[in-house]
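See below for the structure under consideration.
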Amino acid sequence: MLKALTKFPLFAWFGKVWKGLSEKFGGGKTGDHKSLTIKIVFGILAIGMALTFNTAFQQYADESQKLVEAGAEANLQDYPGMLPMAGKGVGAAMALIAFFVSLWIRESGRMVTRHRLLTIALWVACLGGLLAWLPTDIIATQSALAGKALAGENSSIPAYVGKIVLIGFLIISPPIVVQMFFRLGLMDQYVVKAFLSPFTFCMMAFTSIWLIFDFTDNGPAFSGLPFSRLAEFYIVQFPYVILFVLPIVILLSLLFALSTMSKSNELISMISAGRSVLRILAPLLFIGVYTSVISLALKYDWAPRAVGLKEAILQNALSDQAAKHSNSPPPAKGLWSKSGWMHVNDFASRTWFVGLVPWELSKPMGNVIIWKRDAEGQPITMWQAREASWNWESETSDWTLKNGRVWNYHKDKIPRPVPFDTLTLSDWNETPWKVLSSSQNPEFLGMPGLKMYLNANREMADKDLASFRTNLWNIFAEPATCFAMVLVAAPLGIVYSRKGVLGGVTAAVIIFALMYIMKGTTMALGQGNRISPFMGAWVCNFIVAGIGIVLLWFRSRNRDVPKLSKVLLFLVTFGKVR
């Protein structure tokens, strides 16, 4: 297939360019693609970190300039902190150092030297990435870590700490894994390399397919959308895309790698050398555990928020297009997750109608109407505002309304409007979280958001909290699918005849398809409070992992995996006997 592709003029031209680059920058050795690929990866990382630092510096300069123009009204506390910008600057510098270290990697050099240089470059780059991300994230959530968040929610401090730990592990794990790989024996390294080649190809292929289909499906909404928002639309979705395609990528990669090794009798040679099947598969089982942990770091907060952000961007783009086609006023600026939401505060006799719900609850609401009622339920005052924001730092829980009117109902019940530009209302017990938390979709919330919602609504009925509890358990269950796929694919990929290859692949694909059907069914049952939230999220993994363990037991005993027809016949016979 690859040879056929290289006959096309465009692919042939790219092949010549790549060969020339390999000879020039790969250490003087023809076809040294590995060294060139490493240099390109570190170069892209250095450029990306430099652009991130430049963006942070520009934001800091713009905010500082605005405060300087404000003159005496600006206090020293109002100036933006320099720590996030400094962290990104140090990260960019370390990424550049890592790139310079990678330039010394030569395929013609000693293997020990290449390994040492690659490990050093990875450690420097990953530590730089950690320094660039950690200060920004901690400062952004410092109020939540202190027990009070920007939208007035009851924060779950363990959930935020877990997020920092998992993302920190995600950033710092590559050099650790590479060092572990270099210390493996030759057989273990060979098994890992046999898996990584199809894994890389499948990951790129499935990601590209998803990107093409998504762009085709959402193309009409992108007309008139700024390039920056379009880039944001796809960049923020990468955690979700990786999480979505990773199980099928692991399944197909393992099947291809193990079946190829089986057909070339390499597995039989390893077994003849004294290694058991489980010992041969040990590196692949570790890969299953590692990818599950990486998936957990993505599923913990990034992937659910990415899905919600995608829906918000699409909704805003479609709203802008509808306003243009109907020649109506465009919606208010901002990123809105929902249109039209009502909240009733019986304790204070106030009713809120929020026309535009912000994607981040700490941001101002759009098109807000608030009614104040008397003891008989009759309106006393109505506030209508283009924008409403809550000042979480004020001691009196101030609400600021902008560009609106106040309607006062007197004894004659005839409203008399009074316009205003800015109006401050104090001593109200509502917060953005109390007004808008029930509008949140549990599928768009990560662990911090789900824990906050469940902690704040413990008194609600189980059926009302079932969807949130099921999605909470699913944050841990969905990443574990990667390990379940390894347990299934490993025994089905080990075959000793050409006939067995097709049977193993077919069985694995059927199990994968049934798993997704079963997963959707059990999640729906859990969210509907028909079964427990824990079982709704985990039962599918338990069944698939159990099948994989049974199949692995047969392979570890050098026994053939039972055929599906024999299994069905046994079940039917067993049922008749009972």
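The values are calculated or read from the model by the stated rules, or taken from the named source; none is laboratory data. Treat the numbers as computed from the prediction; the structure is a model and nothing was measured. Here the Cβ positions follow ideal geometry from the backbone for every residue, glycine too, while neighbour counts run over all protein chains shown.
All conditions but one from (1) modelled with pLDDT of 90 or more; (2) surrounded by fewer than 20 Cβ atoms within 10 Å (Cβ to Cβ); (3) within 21 Å of Ala194 (Cβ to Cβ) apply to Val293; the one that does not is (3). Restricting the stretch 253-278 to residues that are closer than 21 Å to Ile549 by Cβ and under 33 Å from the mean Cα position of the chain (by Cα) leaves a set whose member that is surrounded by the fewest Cβ atoms within 10 Å (Cβ to Cβ) is Leu278. Take the stretch 272-282 and flag every residue that is free of Cβ contacts under 8 Å to residues at least 12 places away in the same chain and either part of a helix (DSSP H, G or I) or β-branched (Val, Ile, Thr) (or both). Hits for the stretch 272-282 are Ser272, Arg279. Would you confirm, using the coordinates I've provided, whether Phe57 is hydrophobic (A, V, I, L, M, F, W, C), assigned to a helix (DSSP H, G or I) and either touching a strand residue (DSSP E or B) at 6+ places or on another chain (Cβ under 7 Å) or at pLDDT below 85 (or both)? Against the criterion (hydrophobic (A, V, I, L, M, F, W, C), assigned to a helix (DSSP H, G or I) and either touching a strand residue (DSSP E or B) at 6+ places or on another chain (Cβ under 7 Å) or at pLDDT below 85 (or both)), Phe57 qualifies. Each residue in the stretch 336-371 was checked for being in a strand (DSSP E or B) and touching a residue at least 12 places away in the same chain (Cβ under 8 Å), and 25 pass.
Of all the listed residues (Pro158, Pro135, Pro239), the sole one being in contact with a Lys or Arg (Cβ under 9 Å, 6 or more places away or on another chain), at pLDDT below 85 and surrounded by 18 or more Cβ atoms within 10 Å (Cβ to Cβ) is Pro135. Pairs under 9 Å by beta carbon, first residue under 23 Å from Phe199 (Cβ atoms) in the stretch 473-486, partner assigned to a helix (DSSP H, G or I) and aromatic (Phe, Trp, Tyr), six or more apart or different chains? Close Cβ pairs satisfying both conditions: Ala477/Phe534; Ala477/Trp538; Pro479/Tyr300; Ala480/Trp538; Cys482/Tyr290; Ala484/Phe542; Met485/Phe512.
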